[in-house]
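The values are calculated or read from the model by the stated rules, or taken from the named source; none is laboratory data. Keep in mind that this is a model prediction, so the values were computed, not measured. Here the Cβ positions follow ideal geometry from the backbone for every residue, glycine too, while neighbour counts run over all protein chains shown. Heavy atoms of the whole protein, side chains included, go into the accessibility calculation; ligands, DNA and RNA do not. Shrake-Rupley method; radii C 1.70, N 1.55, O 1.52, S 1.80 Å.
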Amino acid sequence: MQTVALPRDCDEAAFREAARHCVAQGLSPEELVFVTDEIGSLFDAVAPAKAPPVPVPRAFAKIVPDVLCHSADDRFALLYRLLWRINAGERDLLERVADPDVERAARYAKAVARDTYRMHAFLRFTERLIDGKPIFVAWFEPLHHVLRRAVPFFVDRFRNMDWLIATPMGTAAWNGGVLTFGPPATRPAEASDAVLDELWTTYYRATFNPARLRVKAMLAQMPKRHWPTMPETALVPELVQHAGDRVEEMEERGPDKPPRFAEVLAERRPATPDTPTEPVDVLRREAEGCTLCPLHGPATQTVFGKGPADAAIVFVGEQPGDQEDLEGRPFVGPAGQVFDRALAQAGLDRSRVYVTNAVKHFKFLPRGKRRIHQKPGTSEIRSCRFWLGRELAAIRPRLVVALGATAMQGLTGRPVAVTKERGRIIEADGLSVLVTVHPSYLLRLPDADLAEAEFGRFVRDLALAKPWYAETSS
Ligand code: SF4
């Protein structure tokens, strides 16, 4: 029996290195004991040379970072067992969902995704003056080692301020544009700040809908252990207690005027499941009520992304058009048809990819009965990055395809010359991004020959995404 020591918050690279050494030496799972911290390293003593990579299916490569973040003691042994079996010829192992190892790994991955989502949703910063400098601090108690996984979301959104996130599993500090990780912290005595508490409380009171109160579902989504750092939760008992009175009051007042297109939508809109099962479904539900920018006012509804919650490739367009606004689905109008045709010719299956937009509401100018498309502005793109970032964090695709300049701006937060980067895969904010044009550009070309040539080029651009379906290495 041999011991493999790994750090408690072991990342993918460290595990991969350790696992490669073990596989290279033919050590079966039964011969190994994985431990955390400094109990002794097998590899320093036995195998200093670099071990060759072990080819694994994409599904395994995708699940590894999540399972590693789980706090269960058997996570390393579980992953190694899966790797060992795959390497022994069970290439389709991850597809056998009833297999006890596969089922356990999927359960761990799901718990980690849920914990990350909760960190994004429930972490609250409060402002402190440290050495005369304002620093935003937050205390959060995750169940798993999700700090490193969750932090890019906060870097992206709070890039211009200095902050510190403290957890019992580690700390992350963003100071002057530099991110550093530190040791675990102990729970602060006081975790709230009057001004920001007031802001959250006001927001919560304004958005609380007594008619949709489901206490059990609310507790499932917002576990009580996070309440101490969420000032708005102090309102919950009072709001729950008076929910009945407020519903009666609303009933007496009668229904509000139905929104435009309500009848059409009632016929077309598929029922939203009561209990979303994937983090991206939770986001979709939340985004339905978004009022972060003025675009929600005239539009019919939020048009969130569609596709598998674990898609390898995510396509990002600009914003919903007239038809998408009515149907509530992205890329179903004329540009969507061009997109579908090009995808098929590029050998990509739309049902296997996730399609979304940088901006989730339709921006238009009313002209008589027509609604004329308007390009979203920088502030609208910036506001909607809140959703795009969370959407990508929930799906964690291997490749993002940016369709046009607005998509690039939504992804990177800055204008990017699409013509210069077109047909290339670039790294942007931790994402691999394939840059191409928006399909509506092809509809605007006046010359048929040019349109045909550009369509062919668009197909070739999309075909560059094809290898991202393929297997990868661990
Ligand atoms: S466009 Fe985006 S940010 Fe603006 S209201 Fe709609 S969902 Fe919210």
Residues that are out of contact with any Pro (no Cβ under 6 Å at 6 or more places or on another chain) and not charged (D, E, K, R), at least 3 per element: which helices (runs of 4 or more DSSP H) completely within region 412-474 meet that? 439-444, 448-463
If we keep just the residues of region 288-300 that are in contact (Cβ under 8 Å) with a residue 60 or more places away in the chain and part of a loop (DSSP other than H, G, I, E, B), which is surrounded by the fewest Cβ atoms within 10 Å (Cβ to Cβ)? G289
Scanning region 435-451 for residues that are in contact with a helix residue (DSSP H, G or I) (Cβ under 7 Å, 6 or more places away or on another chain) and without any contact (Cβ under 8 Å) to a residue 40 or more places away in the chain, the one nearest to V332 (Cα to Cα) turns out to be V437
Region 18-34: number of residues that are open to solvent by 60 Å² or more (accessible area, probe 1.4 Å) and assigned to a helix (DSSP H, G or I): 3
Residues that are over 19 Å from F386 (Cβ atoms), among the small types (G, A, S) and either at pLDDT 95 or above or more than 14 Å from the ligand (Cβ to nearest atom) (or both): does region 360-373 have at least one? yes
Among T302, T291, which is the only one that is among the polar types (S, T, N, Q), within 11 Å of the ligand (Cβ to nearest atom) and under 22 Å from A402 (Cβ atoms)? T302
Which of the residues belonging to region 40-65 are within 16 Å of F15 (Cβ to Cβ) and either touching a Ser or Thr at 6+ places or on another chain (Cβ under 9 Å) or at pLDDT 95 or above (or both)? S41, L42, P53, V54, V56, F60, A61, K62, V64
Looking only at region 306-359, filter to residues that are within 16 Å of the ligand (Cβ to nearest atom) and closer than 21 Å to E454 by Cα; which one of those is surrounded by the most Cβ atoms within 10 Å (Cβ to Cβ)? G317
So, in region 435-448, how many residues would count as being within 17 Å of G317 (Cα to Cα) and open to solvent by 80 Å² or more (accessible area, probe 1.4 Å)? 2
Which of the numbered conditions does V418 fail, given that it passes all the others? Conditions: (1) in contact with a strand residue (DSSP E or B) (Cβ under 7 Å, 6 or more places away or on another chain); (2) in contact (Cβ under 8 Å) with a residue 40 or more places away in the chain; (3) more than 30 Å from A61 (Cα to Cα). (2)
With in contact with a helix residue (DSSP H, G or I) (Cβ under 6 Å, 6 or more places away or on another chain) and within 16 Å of the ligand (Cβ to nearest atom) as the only criterion, which of E380, E454 stands out? E380
Picking from A451, A417, A428, A465, which residue would you name as being open to solvent by 50 Å² or more (accessible area, probe 1.4 Å), of a type in the set (G, A, S) and at pLDDT below 95? A417
Cβ-Cβ distance below 7 Å, separation of 6 or more or different chains: which pairs start in region 379-401 with a residue that is under 13 Å from W468 (Cα atoms) and end on one that is more than 9 Å from the ligand (Cβ to nearest atom) and at pLDDT below 90? R398/W468; L399/W468; V400/L431
